[in-house]
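Below is one structure, written out as C-alpha cells, with a few remarks after it.
The values are calculated or read from the model by the stated rules, or taken from the named source; none is laboratory data. Everything quoted here is computed from the prediction, not taken from an experiment. No Cβ is skipped: glycine too gets one built from the backbone with ideal geometry, and neighbour counts run over all protein chains shown.
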Amino acid sequence: MSDAVGKAGGKGTRKAPSPAAFAEASVPQPHYHGHRDRLRARFLDAGAEALPDYELLELLLFRSIPQRDVKPLAKELLQRFGSFAEVLAAPIHRLTEVKGIGEGVALDLKVVEAALQRMARGAVAKRTVLSSWSSVLDYCRMAMAFAEREQFRILFLDKKNALIADEVQQTGTVDHTPVYPREVMRRALELSASAIILVHNHPSGDPTPSGADMRMTRELVDIAKPLGIAIHDHIVVGRDGHASFRSLGLI
C-alpha cells in the first residue's frame, strides 16, 4: 500500500537528479575558481599598494576578458613591455601582437591610460605651474616618457604662471623632432603667454640633453627674450627619469 501511495500521491516525493546535474557536479572547477573575488576583496581591503603590478593589471583585464585566467596574460604583458606604465603606454598595434589581446582589450587599456593622463593634467591646471612642479613632472612623464617617437610639447603660461595651453607642437622620429623657434614664439604671442616650458622625450630612455637639444634651447631663449617671454625650463623625459635644463644650469 505504501508503495502505491508513493507513486500516486506525488507531493511528498523528491525528483531524482537528472544525469545532466550529475555531470555538471562532477566537472572539476578551474584552478583559478574564486581567484577574481579574492583579488577584488584584497584590493578593497588593503588598497592598490598591496598588489604587485601583475595583479593590478589582472584587475583591469577582468573587465575586458570575463571568462579566462588572465594572470599568465598579465605577466606576459609586463615581461614584453617592461612595466605597468609601459603596458598602458604601448600603442594598440603592439598590444595586439600579444596572444590573447584583441583590439577591444587593447582599447580598454588605452582608455585607462587616457584617464590617468587627464587626471594628471587636471592637477597641473588647477594650480600655478611653478608651485606644483612635481605634478608638472609627473604629467610630462606620464604623457611622453614611453612614446615610441620624439614629441616636442610646450606648456604656455600666463602672468601668474597658470597654464593657458598644453600643446604638442611636433612629432618626429625615434631620435629627432624638428623644432621651429619662430613658430613656437608665434604661437606664444597668439596665446598672450608670458612664459613657456619646453618638454620633449627621448624614446631611448636616457633623458640626458643632447648637443642639438642645447643649441635649440639657446636659440629659443635668444628669440623669446626681446619679446618679453620667459622660458622657465626645458624638460627632457625618458623611461629612466627626467632632466631639467634649469637644474643643470643650461638656462
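Residues in the range 115-169 that are farther than 21 Å from SER83 by Cβ, assigned to a loop (DSSP other than H, G, I, E, B) and not polar (S, T, N, Q): 6 in all. Could you please find all residues in the range 41-54 being surrounded by 13 or more Cβ atoms within 10 Å (Cβ to Cβ), more than 19 Å from the chain's Cα centre (by Cα) and charged (D, E, K, R)? If the condition is that a residue be surrounded by 13 or more Cβ atoms within 10 Å (Cβ to Cβ), more than 19 Å from the chain's Cα centre (by Cα) and charged (D, E, K, R), then ARG42 is the only one that fits.
Remark: GLN67 matches the filter, which requires a residue to be without any contact (Cβ under 8 Å) to a residue 12 or more places away in the chain and outside any helix (DSSP H, G or I).
Residues in the range 143-174 that are within 13 Å of HIS200 (Cβ to Cβ) and charged (D, E, K, R): ARG149, GLU150, ARG153, GLU167. Of GLY104, GLY100, which residue is small (Gly, Ala, Ser), modelled with pLDDT of 90 or more, surrounded by fewer than 17 Cβ atoms within 10 Å (Cβ to Cβ) and in contact with a Pro (Cβ under 9 Å, 6 or more places away or on another chain)? Matching residue, one of GLY104, GLY100: GLY100. Residues in the range 197-221 that are surrounded by 20 or more Cβ atoms within 10 Å (Cβ to Cβ) and hydrophobic (A, V, I, L, M, F, W, C): 5 in all. Filtering VAL111, VAL98, VAL87, VAL105 for residues that are in contact with an Asp or Glu (Cβ under 7 Å, 6 or more places away or on another chain) and not assigned by TED's automatic domain parsing to the domain that holds ASP138 leaves a single hit, VAL98. Of the residues contained in the range 128-151, one or more are found to be aromatic (Phe, Trp, Tyr), farther than 24 Å from ALA230 by Cα and out of contact with any His (no Cβ under 6 Å at 6 or more places or on another chain). Scanning the range 139-160 for residues that are touching a helix residue (DSSP H, G or I) at 6+ places or on another chain (Cβ under 6 Å) and free of Cβ contacts under 8 Å to residues at least 40 places away in the same chain returns TYR139, ALA143.
Of all the numbered requirements in (1) touching a residue at least 40 places away in the same chain (Cβ under 8 Å); (2) surrounded by fewer than 18 Cβ atoms within 10 Å (Cβ to Cβ); (3) of a type in the set (A, V, I, L, M), ALA230 misses one, and that requirement is (1).
What residue, of GLU183, GLU150, is among the charged types (D, E, K, R), on the phi < 0 side of the Ramachandran plot and surrounded by fewer than 18 Cβ atoms within 10 Å (Cβ to Cβ)? Of the residues listed, the single one that is among the charged types (D, E, K, R), on the phi < 0 side of the Ramachandran plot and surrounded by fewer than 18 Cβ atoms within 10 Å (Cβ to Cβ) is GLU183.
VAL112 falls short on exactly one of the conditions (1) assigned to a strand (DSSP E or B); (2) among the hydrophobic types (A, V, I, L, M, F, W, C); (3) surrounded by fewer than 18 Cβ atoms within 10 Å (Cβ to Cβ), and that condition is (1).
Being of a type outside the set (Gly, Ala, Ser) and touching a helix residue (DSSP H, G or I) at 6+ places or on another chain (Cβ under 6 Å) is the filter; apply it to the range 117-129 and report the residue that is nearest to ARG63 (Cα to Cα). Taking the candidates together, the pick is GLN117.
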